[in-house]
1. Could you tell me whether the stretch 84-91 includes any residue that is under 12 Å from Tyr9 (Cα atoms) and without any contact (Cβ under 8 Å) to a residue 40 or more places away in the chain?
2. Here is a list: Ala82, Ala95, Ala116. Which entry is surrounded by 15 or more Cβ atoms within 10 Å (Cβ to Cβ), among the hydrophobic types (A, V, I, L, M, F, W, C) and modelled with pLDDT of 95 or more?
3. Restricting attention to the stretch 98-120, which residues are within 13 Å of the chain's Cα centre (by Cα) and over 15 Å from Asn5 (Cα atoms)?
4. Is it the case that the stretch 8-17 has a residue that's modelled with pLDDT of 95 or more, more than 24 Å from Arg120 (Cβ to Cβ) and open to solvent by less than 50 Å² (accessible area, probe 1.4 Å)?
5. Within the stretch 102-113, work out how many residues are buried (at least 16 other Cβ atoms within 10 Å of the Cβ) and within 29 Å of Glu19 (Cβ to Cβ).
Amino acid sequence: MQELNKYEYAVVRYVPRVEREEFINVGLAMMCKRRRWIKVGICIPEGKLCAMCPDTDREILARQLQSFVEIAEGKRGAGPVAQYPVEERFRWISAVKSSVIQTSRPHPGVCEDLDATFSRLFEELVL
């Protein structure tokens with residue numbers, strides 16, 4: 001039996017009109033501090049986006065969401081936050097924001113396989 005990994009995850013949300021508090025799940029951020037593992041996946045659901053906010057600039061939204069992926073991956077061009085340890089990058093990604101891109105509160109869990117758990121959560125919560 002493999003050792004269990006403690007992890008945290010947060011759902012990434014697009015909130016087109018903050019005052020209405022309506023959102024579309026567009027991604028998932030997940031982190032395991034002990035393994036120094038972090039991953040962000042993004043998927044913009046076109047059908048929901050067209051129904052809820054057809055005037056959204058998809059190119060700008062995709063670029064903004066891609067910055068979360070690049071910060072998680074620690075890319076040099078993603079700014080100073082991308083160079084933080086994984087737990088601090090996750091805290092920055094999942095911090096409370098009043099912008100159009102927000103996250104749920106972080107949720108904890110345990111698993112044997114981080115990648116498989118990420119895929120399962122991404123499928124359930126985003127796709």
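The values are calculated or read from the model by the stated rules, or taken from the named source; none is laboratory data. All values reported here derive from a predicted model rather than from experimental measurement. Every residue, glycine among them, receives a Cβ derived from its backbone with ideal geometry; neighbour counts consider all protein chains shown. Accessible surface is based on the protein model in full, side chains and every heavy atom, while ligands, DNA and RNA are left aside. Shrake-Rupley method; radii C 1.70, N 1.55, O 1.52, S 1.80 Å.
1. So in the stretch 84-91, the residues under 12 Å from Tyr9 (Cα atoms) come out as 87, 90-91.
Subsequent filtering for residues that are without any contact (Cβ under 8 Å) to a residue 40 or more places away in the chain retains 91.
Yes, the conditions are met somewhere in the stretch 84-91.
2. Values: Ala95 fails: surrounded by 15 or more Cβ atoms within 10 Å (Cβ to Cβ); Ala116 fails: surrounded by 15 or more Cβ atoms within 10 Å (Cβ to Cβ).
Of the residues listed, the single one that is surrounded by 15 or more Cβ atoms within 10 Å (Cβ to Cβ), among the hydrophobic types (A, V, I, L, M, F, W, C) and modelled with pLDDT of 95 or more is Ala82.
3. Taking the stretch 98-120 first, the residues within 13 Å of the chain's Cα centre (by Cα) are 101-107, 118-119.
Those that are within 13 Å of the chain's Cα centre (by Cα) and over 15 Å from Asn5 (Cα atoms): Ile101, Gln102, Thr103, Ser104, Arg105, Pro106, Ser119.
4. First, the residues of the stretch 8-17 that are modelled with pLDDT of 95 or more: 8-15.
This time we only want the ones that are more than 24 Å from Arg120 (Cβ to Cβ), so: 15.
Next, only the ones that are open to solvent by less than 50 Å² (accessible area, probe 1.4 Å) stay: 15.
Yes, that holds for at least one residue.
5. Here is the first cut: in the stretch 102-113, the residues buried (at least 16 other Cβ atoms within 10 Å of the Cβ) are 102-104, 106, 111.
Restricting the remaining residues to those that are within 29 Å of Glu19 (Cβ to Cβ) gives 102-104, 106.
Matching residues across the stretch 102-113 total 4.
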